[in-house]
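Below you'll find the structure, written out as structure tokens, and then a few comments.
Derivation of every value follows stated rules applied to the coordinates shown; laboratory data play no part. Keep in mind it's a predicted model, so treat the numbers as computed, not measured. Here the Cβ is made from the backbone with ideal geometry for all residues, glycine too, and neighbour counts use every protein chain on show.
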């Protein structure tokens, strides 16, 4: 029976754990896995301690067991002392996964995997993260045990800013060529510093764009600062004050990555990096494409929009007319996003019964028609009042400040607080009810029939999967 040596096992485990921890900080709870073969004649192996790849067995059998195409592509001579001649193996495009791999003299084949979270701004930084895992593993195997430093896991845990930078550099080189002088690290450092710098108690809002020096003469400025008086980007306090001049407008501060040049209004140049500050969070964009978000001094992959796909599916599968179901989903989405943006907690009861049930709370003489914009805006304000909103399948608000109660059920989470657990109990005791809970930290939970549909579970490594396995054996388990 073929088995990996203890050194290879150690490299795999430490690399995959560091990768997993780093991606969890960047994207939320994440799993990681790898498929690899060290030497040209070695069998293909898999290490998937948290069963990320379960369900893809037929595809892996087709790719790696039923034919040798992956092995025939190996056109690098094996030399365990070399790792720098890496040939990229790109994303396998498997549903729900992001993958990236490579071939080198020290590791003839490797493919790393993680989850494709539905609320990612872009998979680009995550691909760069997986690419770094490829490099680190090749490097560690080439060094062998005597020179192994064990830092790969720690390096990958702290890779977020580097992953964003590497992705931006790759895209920038593709868009405007290798001769650009724009340095990305100072931009990212400034963005994070500004994002956590309040001014008179207010968090930053407005757009700061970074452009190439050679594009400045072609830009139409509303105003420019004299060259000798242009504020340095590293003067974070000054930049934060200047942001007030573009707050809540279509004006933008312009920087060449060293100083603030001036203010423009309207179109940006063909290439720009934009930091769009929105208070306690913001978005980093390459031209008009969102790369990632930032909050609390770090970059995140999330779009910061609640993933309400379970709600949409439940509405479409209900007895509601499809048009009404779609309209109700848009109403609910608007309410949830408003609460998340304003960072106040709220609960929303979606009552799909033919006649709405009675819920104790503030009733209304006449239900509010939520297709009316003014009533929808009023409902957003009412969501700030303690208690739940009561929405019917008739697209109307039937009550607010509603009290949700019920008896104890298995699956309650005391760490989540009264709002979460009360909603969980309520849905367990009432049919045709969906409850959405938005916490003050903008986390969103969806409950139906006493079950929280989108609550993240903590995956534990199985003892059976605590070491690499032959892929041929894994696909038959």
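Could you give the length gained by full extension between residue 196 and residue 296, i.e. 0.36 nm per residue of separation minus their alpha carbon distance, to one decimal place?
So the extension gain works out to 35.4 nm.
Given contacts defined as C-alpha pairs under 8 Å and at least six residues apart, what's the relative contact order of the stretch 309-452, whole-number percent?
After rounding, I find 27 percent.
Can you give the relative contact order of the chain as a percent, counting alpha carbon pairs under 8 Å and 6+ residues apart?
Reported as a whole number, the value is 14 percent.
Hey, what did the stretch 172-300 get for relative contact order, percent, Cα under 8 Å, at least 6 apart?
Relative contact order of the stretch 172-300: 30 percent.
Order 16-27, 48-59 from most to least packed using the mean count of other Cβ atoms within 10 Å.
In decreasing order of mean packing, 16-27, 48-59 become 16-27, 48-59.
At a 10 Å Cβ-Cβ cut-off, how would you order 292, 121, fewest neighbours first?
Neighbour counts put them in this order, fewest first: 121, 292.
Set the Förster radius R0 to 41 Å, insert the Cβ-Cβ distance between residue 477 and residue 394 as r into 1/(1 + (r/R0)^6), and round the FRET efficiency to 0.05.
0.25
What FRET efficiency comes out for residue 9 versus residue 280 if R0 is 51 angstrom and r is the Cβ-Cβ distance? Round to the nearest 0.05.
Plugging the Cβ-Cβ distance into 1/(1 + (r/R0)^6) gives 0.75.
Sorting 219, 120, 447 on the 10 Å Cβ count, fewest up front, what's the list?
219, 120, 447
Which of rounded, prolate, oblate describes the stretch 309-452, given a ≥ b ≥ c as roots of the alpha-carbon gyration tensor eigenvalues and a/c under 1.5 marking rounded, otherwise prolate only if a/b is larger than b/c?
rounded
Take the alpha carbon gyration tensor of the chain, find the square roots of its eigenvalues, order them as a ≥ b ≥ c, and report rounded if a/c is under 1.5; if not, report prolate when a/b exceeds b/c, else oblate.
oblate
Let me know the shape class of the stretch 1-69, please: from the alpha-carbon gyration tensor, a ≥ b ≥ c as square roots of the eigenvalues, rounded when a/c is under 1.5, otherwise prolate if a/b is greater than b/c, or oblate.
The shape class here is oblate.
How do 208, 308 line up, fewest other C-beta atoms within 10 Å first?
Ranking 208, 308 by Cβ neighbours within 10 Å, fewest first, gives 308, 208.
Between residue 71 and residue 333, how high is the FRET efficiency from 1/(1 + (r/R0)^6) when r is the Cβ-Cβ distance and R₀ = 41 Å? Nearest 0.05.
It comes to 0.30.
Using helices alone, what [θ] at 222 nm do you get for the chain, with -39,500 (n - 2.57) per DSSP H run of 4 or more residues, divided over all residues and rounded to the nearest 500?
After summing the helix terms and dividing by residue count, I get -10000 deg cm²/dmol.
Roughly speaking, what is the centre-to-centre gap between the stretch 203-281 and the stretch 1-57 when only Cα atoms are used, to the nearest Å?
43 Å
Report the label-to-label distance for residue 353 and residue 91 in nanometres (one decimal), using points 7 Å from each Cα along the Cα→Cβ vector.
4.5 nm
Between residue 180 and residue 374, what length comes free when the chain is fully extended (0.36 nm per residue of separation minus the Cα-Cα distance, one decimal in nm)?
Fully extending the segment from residue 180 to residue 374 adds 64.9 nm.
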